[in-house]
1. Go through the range 141-152 and report how many residues are under 11 Å from LEU120 (Cβ atoms) and in a helix (DSSP H, G or I).
2. Please go through (1) assigned to a loop (DSSP other than H, G, I, E, B); (2) free of Cβ contacts under 8 Å to residues at least 12 places away in the same chain for PRO103 and return the number of the only condition it doesn't satisfy.
3. Condition (residue is farther than 23 Å from THR105 by Cα, surrounded by 14 or more Cβ atoms within 10 Å (Cβ to Cβ) and touching a Phe, Trp or Tyr at 6+ places or on another chain (Cβ under 7 Å)) applied to the range 177-192: is it met by at least one residue?
4. Return the residues of the range 66-92 that are farther than 25 Å from ARG181 by Cα, of a type outside the set (Phe, Trp, Tyr) and surrounded by 15 or more Cβ atoms within 10 Å (Cβ to Cβ); say none if nothing qualifies.
5. What is the residue count in the range 168-216 for residues that are within 16 Å of ALA116 (Cβ to Cβ), of a type outside the set (Val, Ile, Thr) and without any contact (Cβ under 8 Å) to a residue 40 or more places away in the chain?
6. Among the listed residues SER13, SER62, SER102, SER48, identify the single one that is modelled with pLDDT under 95, in contact with an Asp or Glu (Cβ under 9 Å, 6 or more places away or on another chain) and over 22 Å from VAL166 (Cβ atoms).
7. Go through the range 7-33 and give me each residue that's surrounded by 23 or more Cβ atoms within 10 Å (Cβ to Cβ) and in contact with a Leu (Cβ under 6 Å, 6 or more places away or on another chain).
Amino acid sequence: MEQKVIIFCGAASAGKTGVISRLTNSIRQSGETAALCKIDCLKTGDASLYDKLGFPYTIALSEDVCPDHFLVSNLQELINWGAGLNARYLLIETAGLCHRCSPATKHTISVCVIDATASLSAPEKLGPMLLTADIVAITKIDLVSQAEREIIAYNIRQLNPGATVVCADCVSGYGIAILWREILVMPAYTADADDRLRHTMPAAVCSYCIGERRIGVKYQQGVVKKIFADGGGLC
């Protein structure tokens, strides 16, 4: 059975869970099957919300590992899990932290969720997760003016001309039908193809990645980037 794998990324509290919650209504009304995954860092209170959505779900905490690295390391297992449930749609919500990561791969569908109340310059700070997205969903549009909404959408299109920009209100459900139609026309996951990340991950292999807590040059190993060169000037 063909499966569509949709990864929802974005800054904390941007409205990713709200978009997924509304989108599951569209999936249910279409008579389709779905499986859901929520990846968070240290703690999440979304289990009760996911439980109400009526689809199989799993919640995982990345704890000491970057949540996007954690997702990519477990993506194939999650896809196999969804396929084992005969889920036509696999919706994965990742916490995201530094905005330098993008867990999207070439054969998944990438939805970047951005909060309209953040700032007009917020899109350019999201990095690869926005630049490589198939769809950018602007949430909380009821809290900004029409002019602000259009400026944000314009800025997004300047950064990622190939993405579809959807304005969505998770309270009323406005815009979710448009998001659903966009997902419907996108290709399913190609399981037998050589899937790859759309963008490289940060070079995060240093002493602190493996538990070092002491501060100072003599405790630092691996990939270390310094602000100042040896002579005191900026690198």
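1. So the count comes out to 6.
2. (2)
3. So far as the range 177-192 goes, no, none of its residues is farther than 23 Å from THR105 by Cα, surrounded by 14 or more Cβ atoms within 10 Å (Cβ to Cβ) and touching a Phe, Trp or Tyr at 6+ places or on another chain (Cβ under 7 Å).
4. Answer for the range 66-92, where residues must be farther than 25 Å from ARG181 by Cα, of a type outside the set (Phe, Trp, Tyr) and surrounded by 15 or more Cβ atoms within 10 Å (Cβ to Cβ): CYS66, PRO67, ASP68, HIS69, LEU71, VAL72, ASN74.
5. Selection size over the range 168-216: 4.
6. Exactly one of SER13, SER62, SER102, SER48 is modelled with pLDDT under 95, in contact with an Asp or Glu (Cβ under 9 Å, 6 or more places away or on another chain) and over 22 Å from VAL166 (Cβ atoms), namely SER62.
7. Correct list: ILE20 only.
Okay, residues lined up against (1) in contact with a His (Cβ under 6 Å, 6 or more places away or on another chain); (2) over 20 Å from GLY175 (Cβ atoms); (3) at pLDDT below 95:
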position	(1), (2), (3)
HIS69	no, yes, yes
LEU78	no, yes, yes
TRP81	no, yes, yes
GLY127	yes, yes, yes
ASP134	no, no, no
LYS140	no, no, yes
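The values are calculated or read from the model by the stated rules, or taken from the named source; none is laboratory data. Predicted, not measured: the structure shown is a model, and the values here were computed from it. Here Cβ is always computed from backbone atoms with ideal geometry, including for glycine, and neighbour counts include all displayed protein chains.
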